[in-house]
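Step one of this worksheet: look at the structure below.
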Amino acid sequence: MGSLKVTLCTGAAVVLATLTPTAYAADGGGVSVTPASPAPGGEVALKISGCAGTTGSAASDAFVADAKLVGAAGTLAGETRVRSSLEPGSYDVKITCGSVTVKGAIKVVADASQSPSAPPSTPASPVAPVHAGGGGTAQHLAAVDAHAAGPGTAHAVVGLLLAGVAATAVALRSARRSRRTG
């Protein structure tokens with residue numbers, strides 16, 4: 001009789017665990033879209049809380065492709081792009097993670113400046129040195145004119161002197177070896 005109670009309690013816990021994420025996500029508390037109102041061609045970040053699995057997807061006619069959602073500990077996240085040929089308006093979004101399906105909507109605006117939470121636009125490529133280590137050398141080298149800092153007469157003289165010293169050292173070493181063997 002003891003194992004029957006454990007089985008029933010486990011079954012009840014599984015049913016509650018399965019239904020709880022659906023109720024949580026369905027009331028809008030578990031889904032976030034950034035920016036909330038994207039423009040056509042803009043990128044969208046999706047995040048859902050309360051999923052039991054580690055993968056999921058978000059599908060909409062507004063998206064170029066379905067967003068693949070990945071994560072752990074009940075939180076999944078992913079990115080996709082809004083179709084650039086899309087007309088402004090509201091579009092349905094269907095998020096699926098495990099056995100949980102959440103339906104919502106995304107509002108596409110005509111211009112990104114109409115979106116209250118739109119991130120500032122960034123250039124397509126870097127316009128300044130990237131801080132990627134090197135102790136600040138990238139910033140220093142970006143400020144130095146390449147033609148002015150190139151090898152000049154002084155560099156050529158120093159190079160010739162060093163080559164002369166190296167040639168003399170090789171000649172002296174060869175002379176010593178030939179005296180020892182001869």
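Throughout, read-outs are computed from the coordinates displayed, never taken from laboratory work. Just so it is clear, the model here is predicted, and its values are computed rather than measured. Using ideal geometry, Cβ is built from the backbone for each residue, glycine included, and neighbour counts are taken over all protein chains shown.
Sequence-distant or interchain residues sharing an amide H contact under 5 Å with residue 69, placed H: which?
For residue 69, the qualifying residues are 56, 57, 58.
Kindly rank 45-52, 169-176 from highest to lowest mean number of other beta carbons found within 10 Å of each residue.
The most tightly packed comes first, giving 45-52, 169-176.
So who's got an amide H within less than 5 Å of the one on residue 36, skipping anything under 5 residues away but keeping other chains? H placed 1.01 Å off N, in plane.
117
Using θ = phi - 60° and the Karplus form 6.51 cos²θ - 1.76 cosθ + 1.60, what ³J(HN,Hα) does each residue of the stretch 84-98 get, whole Hz, x for Gly and Pro?
Karplus-based 3J(HN,Hα) across the stretch 84-98 equals 6, 8, 7, 7, x, x, 9, 10, 6, 10, 10, 9, 10, 9, x Hz.
Which length gain, in nm to one decimal place, applies between residue 177 and residue 107 when the Cα-Cα distance is subtracted from 0.36 nm times their residue separation?
Details: separation 70, 0.36 × 70 = 25.20 nm, distance 8.53 nm.
Between residue 177 and residue 107, full extension yields an extra 16.7 nm.
Tell me the label-point distance for the pair residue 36, residue 94, using the 7 Å Cα-to-Cβ offset, in nm and rounded to one decimal.
2.6
List the residues, sorted by chain then number, that are 5 or more residues from residue 93 or on another chain and whose placed amide H is less than 5 Å from its amide H.
Under 5 Å from the amide H of residue 93: 104, 105, 106.
Stretched out fully, how many nm does the piece from residue 45 to residue 68 gain, at 0.36 nm a residue minus the Cα gap? Write down the numbers at each step before the final one.
Details: separation 23, 0.36 × 23 = 8.28 nm, distance 1.07 nm.
That pair, residue 45 and residue 68, stretches by 7.2 nm at full extension.
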